[in-house]
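Okay, structure first, notes after.
The values are calculated or read from the model by the stated rules, or taken from the named source; none is laboratory data. Please read these numbers as outputs of a predicted model, since none were measured by experiment. Neighbour counts are summed over all protein chains in view; Cβ atoms, including those assigned to glycine, are modelled from backbone coordinates with ideal geometry. What goes into the accessible areas is simple: the full protein's heavy atoms, side chains included, and nothing from ligands, DNA or RNA. Shrake-Rupley method; radii C 1.70, N 1.55, O 1.52, S 1.80 Å.
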Amino acid sequence: MRPFTYCNPTKICFGSGTAGTVGAEVAAAGMRNVLLVYGKSSIKRNGVYDAVTASLKAAGVAWTEWPGVSANPLLSQVQGGIALAREAKVDGILAVGGGSVIDASKAIAMGVPAACDVWDFYMGAAAPQAALPVAVVLTLPATGSEMNGGTVVTHDETREKRAVINPTLHPRFSILDPEVTRSVPPDYVAYSASDAISHTIESYLTRAPGFFPVQDGYAEGVVRAIMAATERILADPGDVEARGAMMWAATLAWNFLGSSGVGAWVTAAHTLEHPLSGLFDVAHGAGLAVVGPAWMVWESRRRTDRIAAFARRMMDVRIDDDAAAAAEGIARFRAWLKKIGNPVTLGECGVTPGQIPEIARHAAILAKAWGTGEEYTAEVCAEILGVFM
């Protein structure tokens, strides 16, 4: 293994009924006046809002609400939240939602004490030195944002979708109550599975050669768990045991534990997908279901052994030849993604061939920002995007 340092300070509170403990956990973390951030109306329809606010009230925690965060959180929503948080003099941020709500909450948390505009952090012009504490009640398992220091936001005007990863943004605690995910609809169950699997396999497929039985076994186990849990949830939406397994697997997929020690690796699928959801507001997991396998086809020409390993160990392919095994593994993966309800072509996402160059241009800009610009030029990105038009 390569040398690494791993530190994850996020406390996880897992189990049915744990959403009702949020007030006590917030108070124990030293927060007495929080900005409650959530999405549109789902948490009010499914009872989560009532449970959370009752728990805050019982613990003596005051709150100010910032609702309306969109599925691909916008910079304007973040800036509005920063202004409100400053006005209300909050001492913490409570995110109740999925990855988008958590990402917006982290952006607000680092923006409140900042002297610069929060977008400067996303453009790499500055790095956050401090942030308000963030707490999470997870309602949609997918992104792993509940146990990492990452945040992704889209600029309203340029449609650039950018990320910040910083240790100040790790949530103090995250509550994973599978009961609150009962109302997640089938399409978002599918998108979540695609997203979480992509997080797991990017490091698996692009890691350096070497002996990594711990990391490889971790990735293979997490992916198989996600697939098994997803199928059970779709067969029986009330299967809380399966929803709990999915919740924990998605968290493990992107808390960077499985990628520790593998050396340099790249987030190629995310490089291609961020412009897709940024420009066209495609659900992130849905976009990954298209561009991930497309990238795997392109990548199989040079990392044939890694794609073949994925095929054999996660897709149960029994073919000796690496190239043939890789091709069959990608085909089986796409078929599974389609079966559970994901789009598998850009056309299904509402994208036309004429729009590929613009997506590729944005992807190349992002690749440069993430240190892979020499490899993922606009021409290469367009080639990959065209695989499954």
- Calculate, for Ala54 and Phe211, the FRET efficiency according to 1/(1 + (r/R0)^6) with r their C-beta to C-beta distance and R0 56 Å; round to the nearest 0.05. 0.60
- Task: Starting with the highest mean, order 268-280, 9-21 by the number of other Cβ atoms within 10 Å, averaged over the residues of each peptide.
- Result: 268-280, 9-21
- Query: Label-point separation (nm) for Ser70 and Ser183, each offset 7 Å from Cα along Cα-to-Cβ?
  - Reply: 2.3 nm
- Volume per residue that the Cα convex hull of segment 35-75 spans, once the total is divided by residue count, Å³: 59 Å³
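How much area per residue is accessible in the chain when the probe is 1.4 Å and only protein heavy atoms are counted (Å²)?
Numbers: 14860 Å² over 389 residues.
Averaged over the residues of the chain, the accessible area is 38 Å².
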- Item | Largest to smallest principal axis extent of the C-alpha atoms in the chain, angstrom | 63, 43, 43
- Task: For Trp370, tell me the accessible area in Å² from a 1.4 Å probe, rounded to the nearest 10.
- Result: 90 Å²
- segment 33-151 - convex hull of alpha carbons, volume per residue in Å³: 94 Å³
- Message: Just to be sure I understand the curve: with the Debye formula and one point per C-alpha of segment 133-258, what is log10 I(q)/I(0) at q = 0.17 Å⁻¹?
- Response: -0.92
- Task: Evaluate the Debye formula for segment 159-199 with equal point scatterers sitting on the alpha carbons, no solvent, and hand back log10 of I(q)/I(0) at q = 0.30, 0.31, 0.32 Å⁻¹, in q order, two decimals.
- Result: -0.98, -0.98, -0.99
- Interatomic Cα distance distribution for segment 195-294, bins of 10 angstrom, percent: 16, 40, 34, 10, 0
- Loop only per DSSP, at most 16 neighbouring Cβ atoms within 10 Å: give me the chymotrypsin sites (Phe, Trp or Tyr not before Pro) in segment 173-258, ordered by residue number. Phe211
- Pairwise FRET efficiency - Lys338 versus Asp117, Cβ, R0 = 45 Å, nearest 0.05: 0.60
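Once the Cβ-Cβ distance between Ile319 and Thr345 is put in as r, and R0 is 25 Å, what FRET efficiency do you end up with, to the nearest 0.05?
Working: r = 25 Å, r/R0 = 1.01.
That pair, Ile319 with Thr345, gives E of 0.50.
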- Quotient of Cα Rg and 2.2 N^0.38 Å for segment 271-389, N being how many residues it contains: 1.06
- Quickly work out the Thr5-to-Glu241 label distance, labels modelled 7 Å from Cα along the C-beta direction, and quote it in nm with one decimal. 4.3 nm
- State the percentage of accessible surface on segment 1-51 attributable to carbon and sulfur atoms; use a 1.4 Å probe and exclude ligands, DNA and RNA. 55 percent
- Item | Rounded percent of accessible protein surface that carbon and sulfur make up, segment 275-371, 1.4 Å probe | 52 percent
- Specify the inter-centroid distance of segment 282-361 and segment 84-115, based on alpha-carbon positions, in whole Å. 35 Å
- Given the C-alpha centroids of segment 156-203 and segment 243-266, what is the distance between them in whole angstrom? 12 Å
- Computed over the Cα atoms of segment 104-156, what is the convex hull's projected area averaged over all directions, in nm²? 4.2 nm²
- Could you list, bin by bin from short to long, the percent of Cα-Cα pairs of segment 62-119 in 10 Å steps? 25, 61, 14
- Item | Global size of segment 1-102 as Cα Rg and Dmax, reported in angstrom | 15.1, 48
- Item | Alpha-carbon Debye profile of segment 228-278, log10 I(q)/I(0) at 0.16, 0.22, 0.24 Å⁻¹ | -0.70, -0.86, -0.87
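So, with a 1.4 angstrom probe, what is the percent of accessible area on segment 59-103 that is carbon and sulfur? Intermediate results must be reported in sequence, preceding the final value.
Numbers: 890 of 1510 Å².
On segment 59-103, the fraction of accessible area on carbon and sulfur atoms equals 59 percent.
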- Query: Tell me, what does the Kirkwood hydrodynamic radius of segment 310-354 come to in angstroms if you use every pair of distinct C-alpha atoms?
  - Reply: 11.6 Å
- Task: Multiply the residue gap between Arg302 and Trp265 by 0.36 nm, knock off their C-alpha separation, and tell me the result in nm, one decimal place.
- Result: 11.8 nm
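Can you flag which of Lys11/Lys89; Lys11/Lys57; Lys40/Lys368 are past 31 Å Cα-Cα? All intermediate terms of the calculation are to be shown ahead of the outcome.
Numbers: Lys11/Lys89 25 Å; Lys11/Lys57 22 Å; Lys40/Lys368 34 Å.
From the list (Lys11/Lys89; Lys11/Lys57; Lys40/Lys368), the Cα-Cα distance tops 31 Å for Lys40/Lys368.
Give the whole-number value, in cubic angstrom per residue, of the convex hull volume spanned by the C-alpha atoms of segment 182-239. Display every interim value, and only then the final one.
Working: hull volume 3.8 nm³, N = 58.
Here the figure is 66 Å³ per residue.
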- Task: Report the trypsin sites (Lys or Arg not before Pro) located in segment 69-135 that are in a DSSP loop and have at most 10 other Cβ atoms inside 10 Å of their Cβ, or state none.
- Result: Lys89
- What is the chain's relative contact order, in percent, from Cα pairs under 8 angstrom and six or more apart in sequence? 15 percent
